[in-house]
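Where a number appears in this text, it was derived from the coordinates with a stated rule and is not lab data. Since this is a predicted model, take the numbers as computed values, not measurements. Because the Cβ atoms are built from the backbone with ideal geometry, glycine has one as well, and the counts that use them run over all protein chains shown.
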Amino acid sequence: MARRSNNLVVPQATAALQRLKLEAAQELGVTIPQDGYYGNYTSRETGSLGGYITKRLVQQAEQALSGSGRTL
């Protein structure tokens with residue numbers, strides 16, 4: 001198993017990011033493995049999930065900066 005080097009700057013955001021990941025996976029039709037091992041998934045599946053999450057985070061940041069809508 002590979003070591004993770006992507007530590008959160010704000011550890012309290014863990015629950016919110018997990019919720020976002022689950023929402024994104026549900027919208028894309030990708031199931032999240034219970035054991036956290038993504039080795040049986042294609043690059044397309046994991047890449048689409050990561051890209052979608054990034055897109056949503058950017059949208060939320062833009063809304064927060066513009067002063068409208070939901071905040072991060």
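Points worth noting:
- Annotation for segment 1-66: chymotrypsin sites (Phe, Trp or Tyr not before Pro) lying in DSSP loop with at most 15 further Cβ atoms inside 10 Å of their Cβ are TYR37, TYR38, TYR41.
- In the chain, the longest principal axis of the Cα atoms and the axis of helix 43-66 are about 10 degrees apart.
- Electrostatic bookkeeping for ILE32 treats Lys and Arg as +1 and Asp and Glu as -1; over the other residues with beta carbon under 12 Å from its beta carbon, the sum is -1.
- In degrees, nearest ten, helix 14-28 long axis to first principal axis of the chain (Cα): 70
- Per residue, the convex hull spanned by the alpha carbons of the chain comes to 111 Å³.
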